Amino acid sequence: MYWKEMLGAIAKPDKNAKTYELSTDFKYEGLQEYPRPQLQRKSYINLNGKWDYRIISGKGQVVSSGLIEVPFSPETVLSGTDRHILMPEEILEYTKHFTIDKVKKTKNLLLHFGAVDQVAFVSLNGINLGFHEGGYTSFTFDISDYVVEGENELKVKVRDYTDRIGYARGKQSLEPSGMWYTAQSGIWQTVWMEWVPKVYVTNLLALPDIEHNKLNLELKVSELKGQVTIQSSNQDLIKDYKVESIKGDKIHVVVNLNDYKLWSPEEPNLYFLNIEYGKDSFSTYFAMRSFGVAKDEEGIPRLTLNNKPYFMNGVLDQGYYPESLMTPPSDAAMIYDIETIKSMGFNMIRKHCKIEPMRWYFHCDRIGMIVWQDIVNGGTKYDMNMICNIPTVVRPFGNSRDKNRLFLRFTGRNTDKSKEVWFGECAETIKQLKNVPCIGQWCLFNEGWGQFDAKSCLEYAKKFDESRPFDAASGWFHEDCGDVFSEHVYFEDLKVKRTEKPYVISEFGGFSLKVGNHIKRDAVYGYKKYEHAKDMQDAYEEIMKKIKSLQAEGLSGAVYTQATDIEDELNGLMTYDRKVQKLY
């Protein structure tokens, strides 16, 4: 089903603004869709909806309480709260009562959290289940031994330190302005449960090998007590399959394929499988494709898709919404953004400073959109003059690794604790998203935010994924490592620097236009401001023409800033509310 049919979003000209206004009033629909498309079982209990909440001050006083609509943070409109901003010394406490008609003695009950920002302590019926650190990755508890028939009480206590300790925080700030946005906290992705057999698959990797026409499946299992059975919705797809090896709790299955079509933005071919392991049964999907780097016929280093040079024409997308901040208000909202970006001529999204719900990546897979994924930045406070404002205009140290390291003392990652946090969050991010077909590149550090020893960090990250290129340092503080040479160019002439690596302009543009009342505050942030839509349109067409001309000179990828306005930032191709496209 196409987004126009789903949303009834019909473009119509607004003669006054000389833009296109879209009827994109996304309605909250409970976010009931199954949140993990690549490991989907029939047993599914969604816990989104009304929960009780309290915010307790550092002195033990309740400063806010009532009902909250999960999975929306208390700082958001859709949460239904008084929008209290959680401070580092405060505790956010959730309570949810749910009923289990019958405890299934032959099965386990798993409790899943899509994401909770930043540290979550979870208990069930007064029993501590454990805790999770990191505000952007998913986590699970087996609650089989603690759930009871009838009413159960689930509690989640949250601390959000923002920039005080070093956890990933993306663009969140307790003092939002300019490129920094309203901080949010607590549960911001779907909470759900599922029944599984005692012996079940805990994780699945589906890694394509187009050179050998096979799919490598890695099943991580709770116990080695089952046979693997695989069926495809396409009967002619699978030639045969066999268990290649068993190591610890991981079963490696090789699936040899007959005729198949490669995945690309032009032809986003997906294949669906039903897999059984013992009594466990689930569905998944995969795509046959490969991302890499290689020299073209003229000896120019290029990014590749399916072993051929492929120019990645991208847009920066931070996935914020005025009514819900980082949480998409609906499945339709995710689809709309991706479809609209593709309709503008882009084949790639740089997912900036955020990890989306897994359904967002599924929609990129099926719609046909390559994703460059950031490892979400963190660390303590940054010296923005030293690591962002000055280098945007003047780059005194060029690309010298040793000299650039002089700046890294200002990046907010100077303690052993904060570095340890980065390694843990990086590993969780790559493990969670490695299976996603559309992800074509990882970005470890952006503009020095939380950056430290990029070479060692790159070596660490590649332990978890060697199938994709890595941008070790996007912006200016290059440390002579990574698979691409990646620069942000806002105030300089766009040109190609010939290096031994593919050259990408991972940020450019940033043209700002204030459109009517489609703004959050009376502030305008951007790299170049325009008063009239026609002037922005002309500037955009000129700069994109320049980008196209640079492809022949060796440019391998480019990322325009950005997809939508966000709070003070008015440099989007769409307004924050998605009701106006600024280009026509």
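Derivation of every value follows stated rules applied to the coordinates shown; laboratory data play no part. Here the structure is a predicted model, which means the values were calculated and not measured. Because the Cβ atoms are built from the backbone with ideal geometry, glycine has one as well, and the counts that use them run over all protein chains shown.
Residue ranges 200-206, 345-351 sort as 345-351, 200-206 when ordered by packing (mean number of other C-beta atoms within 10 Å per residue, highest first).
Computed over the stretch 186-271, the percent of Cα pairs more than 20 Å apart is 48. Label point of Lys417 set 7 angstrom out along Cα-Cβ; within the stretch 99-120, amide nitrogens under 19 Å from it belong to 117-120. Neighbour counts of C-beta atoms inside 10 Å place Phe72, Phe491, Phe131 in the sequence Phe491, Phe131, Phe72, starting with the fewest.
Reducing the stretch 469-529 and the stretch 360-397 to their Cα centroids gives an inter-centroid distance of 9 Å. In terms of overall dimensions, the stretch 498-584 has a Cα radius of gyration and Dmax of 14.4, 48 angstrom. Over the chain, Cα pairs under 8 Å with separation of 6+ residues give a relative contact order of 14 percent.
Cβ screening of the chain for cysteine pairs under 4.7 Å finds these without a partner: Cys353, Cys388, Cys426, Cys443, Cys457, Cys481.
Using alpha carbons only, what's the Rg to Rh ratio of the stretch 308-413 with Rh from Kirkwood? My calculation puts Rg/Rh at 1.07. Sorted fewest first by neighbouring Cβ atoms within 10 angstrom, Tyr271, Tyr167 come out as Tyr271, Tyr167. Using a ≥ b ≥ c from the Cα gyration tensor of the stretch 129-247 (square roots of the eigenvalues), is it rounded, prolate or oblate, where a/c under 1.5 gives rounded and otherwise the larger of a/b and b/c decides, a/b for prolate? Taking the square roots of the gyration eigenvalues as a ≥ b ≥ c, the stretch 129-247 is oblate.
Cα centroids of the stretch 80-104 and the stretch 152-218: 17 Å apart. Dividing the radius of gyration of the alpha carbons in the stretch 49-189 by their Kirkwood radius gives 1.00 for Rg/Rh. Quick check: from the Cα gyration tensor, does the stretch 310-581 come out rounded (a/c under 1.5), prolate or oblate? Judged from the Cα gyration tensor, the stretch 310-581 comes out rounded (a/c under 1.5). Electrostatic tally near Tyr200: other residues with Cβ closer than 11 Å to its Cβ, Lys and Arg +1, Asp and Glu -1, net +1. Here the residues Ser79, Ser456, Ser138, ranked from fewest to most Cβ neighbours within 10 Å of their Cβ, fall in the order Ser456, Ser138, Ser79. Under the membrane-span-like helix rule (DSSP H runs whose alpha carbons stretch at least 15 Å along the helix axis, mean Kyte-Doolittle hydropathy -1.0 or higher), the chain yields 331-343, 416-433, 533-551. In this label model, Arg395 and Tyr460 are separated by 2.6 nm, measuring between points 7 Å along each Cα→Cβ vector.
With K and R counted +1 and D and E -1, the other residues having a Cβ less than 9 Å from that of Ser506 yield a net charge of -2.
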